[in-house]
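Taken together, the values in this text are just the output of simple stated rules run on the coordinates, not laboratory data. Here the structure is a predicted model, which means the values were calculated and not measured. Note that we place each Cβ from the backbone using ideal geometry, even for glycine, and neighbour counts take in every protein chain shown.
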Amino acid sequence: MIISEQIRAARALLALSQGDLARIASIGVATLRRFEAARGGIRGNAETLWKIQTALEKAGVSFIDADADAGPGVRLKIPKVT
C-alpha cells in the first residue's frame, strides 16, 4: 500500500497539480487533499487509493516498497530502449 508521502512525491516528479491528478484519477480534489494530508497511514476507500496509484503509474512513476535499508519511495520509470 502506498503512503501519502509517496503520492505527494510522485505528483512532484510528474509536475502534476492536485487538480491534474484528481482529474486523471477520476476523484475529487478534496478527496486527494485528504489522502495527501493523512499521517500515520491513509484511511479511506481502497478503490480510491487504487485509482490514485494506477493514475500515477500510468503517468510514469514506479512505487518502491520499504526494505531493511530505506523507507518507501518513488522514481520515474525509464523507457525501454529497443
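Rounded to the nearest 20 debye, the dipole magnitude of segment 4-76 is 360 debye, with +1 charges on Lys and Arg beta carbons, -1 on Asp and Glu beta carbons, and the Cα centre as origin. What residues of segment 7-39 lie in the reach of a label at residue 66, counting those whose backbone N is under 14 Å from a point 7 Å from the Cα along Cα→Cβ? The answer is 39.
Ordering 29, 61 from the fewest to the most neighbouring beta carbons within 10 Å gives 29, 61.
Net charge near residue 71: determine it from the other residues with C-beta under 13 Å of the C-beta of residue 71, scoring Lys and Arg +1 and Asp and Glu -1. Mind showing how you got there, number by number?
Details: positive: none; negative: 5, 65, 67, 69.
Local charge sum for residue 71: -4.
Using a Förster radius of 41 Å, what is the FRET efficiency between residue 39 and residue 78 based on their Cβ-Cβ separation? Nearest 0.05, please. The partial results should precede the final answer.
Working: r = 32 Å, r/R0 = 0.77.
Approximately 0.85, to the nearest 0.05.
The Rg/Rh ratio of the chain, with Rg taken over Cα atoms and Rh as the Kirkwood radius over Cα pairs, comes to 0.97. Structural descriptor for the chain: relative contact order 34 percent, calculated from alpha carbon pairs under 8 angstrom and at least 6 residues apart. Specify which residue in the list 9, 32, 63 is farthest towards the positive end of the charge dipole of the chain, using unit charges on the beta carbon of Lys, Arg (+1) and Asp, Glu (-1), about the Cα centre. With unit charges placed on the Cβ atoms, the residue in question is 32.
All other residues whose Cβ lies under 13 angstrom from that of residue 22 are scored, Lys and Arg at +1 and Asp and Glu at -1, for a net of +3. Over all other residues within a Cβ to Cβ distance under 12 Å of residue 36, the charged ones net out to +4, with Lys and Arg as +1 and Asp and Glu as -1.
Going by how many other Cβ atoms sit within 10 Å of their own, how do 39, 11, 34 line up, fewest first?
On the way: 39 8, 11 21, 34 15.
Result, fewest neighbours first: 39, 34, 11.
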